[in-house]
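Notes follow once the structure below has been shown.
The values are calculated or read from the model by the stated rules, or taken from the named source; none is laboratory data. Keep in mind the model is a prediction, meaning the values are calculated, not measured. Here the Cβ positions follow ideal geometry from the backbone for every residue, glycine too, while neighbour counts run over all protein chains shown. The protein model used for the area step is the full one, side chains on, heavy atoms only, and it has no ligands, DNA or RNA in it. Shrake-Rupley method; radii C 1.70, N 1.55, O 1.52, S 1.80 Å.
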Amino acid sequence: MVQVSDKTPNSCIVTYQKPVNDGGTPIISYDIECMCLDGGSGKWESKGVSTTLEHEINGLQPGSTILVRVSASNKVGKSE
């Protein structure tokens, strides 16, 4: 589950939980992506990589609606 807080016109903070199952290999990082639903490209765009369970997304358009997804990565690969 991804939660959004500290919203400003151009940014927000997202928090997320560690996956229940890491496939037996420790999580190295989290890939954060978002998609703008208001006139954007309609494609997922990278908003950074984090090694913690919190990340600030910058460069948002004021008043836009976005979807956010977070994928966990370990030495085996990226989660679905």
Considering region 1-21 alone, what residues qualify as being over 14 Å from the mean Cα position of the chain (by Cα) and either in a strand (DSSP E or B) or over 15 Å from GLU80 (Cβ atoms) (or both)? ASP6, LYS7, THR8, PRO9, ASN10
For ALA72, work out the one condition from (1) of a type in the set (A, V, I, L, M); (2) in a strand (DSSP E or B); (3) over 16 Å from MET1 (Cβ atoms) it doesn't fulfil. (3)
Do we find that GLY77 is of a type outside the set (Lys, Arg) and open to solvent by 60 Å² or more (accessible area, probe 1.4 Å) in this structure? no
Just for region 22-56: of the residues that are hydroxyl-bearing (Ser, Thr, Tyr) and in a loop (DSSP other than H, G, I, E, B), which one is surrounded by the most Cβ atoms within 10 Å (Cβ to Cβ)? THR25
Filter result for the condition that a residue is open to solvent by 40 Å² or more (accessible area, probe 1.4 Å) and within 14 Å of SER71 (Cα to Cα), over PRO9, PRO19: PRO19
Could you check how many residues of region 58-69 are on the phi < 0 side of the Ramachandran plot, surrounded by fewer than 16 Cβ atoms within 10 Å (Cβ to Cβ) and not in a strand (DSSP E or B)? 5
So the check is Cβ under 8 Å with 6+ separation or different chains; which pairs have a first residue in region 37-62 that's under 15 Å from SER73 (Cβ atoms) and a second one that's open to solvent by 90 Å² or more (accessible area, probe 1.4 Å) and not aromatic (Phe, Trp, Tyr)? THR51/ILE28; LEU53/GLN17; LEU53/LYS18
